[in-house]
């Protein structure tokens with residue numbers, strides 16, 4: 001972080017998407033921003049302009065996210081993420097969803113609110129396509145977690161946990177009887193998760209490379 005940005009960070013709250021660094025150990029260990037926790041009955045998401053959490057929508061039904069859920073700072077799902085999704089899924093015409101890369105963080109602890117930063121270790125992901133947009137969900141474990149912290153790859157996670165995550169993301173937008181537009185083409189492991197993260201970082205740098213120059217000129 002350059003000196004001007006560091007000085008501003010001491011005086012002002014950093015924007016969770018643009019002002020928080022993902023960490024020097026990326027992609028092995030990531031600083032992630034959590035928006036929603038399993039006890040939330042409201043879907044929160046970051047307001048891209050202000051950086052504050054906002055209510056996206058009340059959850060209409062009883063399904064709740066089965067993990068901490070948020071995004072990886074300074075990532076963006078655009079051309080490179082979309083191209084990788086097409087390569088791996090065999091589908092054509094996929095675009096990036098133009099959001100930061102989503103992440104689910106597994107932990108045995110009861111964490112009661114979002115709007116927090118956590119250290120997470122990626123172990124895999126869900127290749128999700130929403131309409132024609134790449135909407136990958138990285139699956140990670142909370143660093144040093146007593147139960148999940150020892151997991152090294154997606155194969156360490158039980159089928160039941162994976163099924164819960166799939167069910168949530170395939171149904172959380174739907175009304176009863178509706179057929180959703182989302183599909184999960186496959187579940188991938190740690191190595192591929194690292195590739196998705198790296199491509200989302202490259203997409204971010206291509207989109208927002210002006211930010212560091214802007215801060216340097218303050």
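We did not get these values from a lab; they are worked out from the coordinates using the rules stated. In this text, all values refer to a predicted model and were calculated from it rather than measured experimentally. Here Cβ is always computed from backbone atoms with ideal geometry, including for glycine, and neighbour counts include all displayed protein chains.
The figures follow:
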{"quantity": "GNM flexibility winner over the chain from 93, 19, 124 (Cα, springs under 10 Å)", "calculated": "93"}
{"quantity": "Max mean-square fluctuation residue, GNM over the chain, Cα-Cα springs under 10 Å, options 112, 171, 191", "calculated": "112"}
{"quantity": "Tilt relative to the chain, helix 190-208 - C-alpha long axis, 0 to 90 degrees, to 10", "calculated": "40 degrees"}
{"quantity": "Region 3-216: relative contact order as a whole-number percent, Cα under 8 Å and 6+ apart", "calculated": "23 percent"}
{"quantity": "Simple label model, 7 Å out from Cα along Cβ direction - residue 194 to residue 152, nm", "calculated": "1.3 nm"}
{"quantity": "Added length on full extension, which subtracts the Cα-Cα distance from 0.36 nm per residue, residue 41 to residue 130", "calculated": "29.8 nm"}
{"quantity": "Max mean-square fluctuation residue, GNM over the chain, Cα-Cα springs under 10 Å, options 160, 86, 128", "calculated": "160"}
{"quantity": "Between region 11-71 and region 134-210, the Cα center-to-center distance that results, in Å", "calculated": "14 Å"}
{"quantity": "Antiparallel DSSP beta bridges within region 96-153, as percent of all bridges there, nearest 5", "calculated": "55 percent"}
{"quantity": "Label-point separation, residue 186 to residue 63 (7 Å along Cα→Cβ), nm", "calculated": "2.4 nm"}
{"quantity": "C-alpha long axis of helix 159-171 to longest principal axis of the chain, angle in °", "calculated": "80 degrees"}
{"quantity": "Hull volume in cubic angstrom per residue (convex hull over the Cα atoms of region 114-197)", "calculated": "125 Å³"}
{"quantity": "At R0 = 35 Å, FRET efficiency that the Cβ-Cβ distance of residue 13 and residue 92 yields, to 0.05", "calculated": "0.25"}
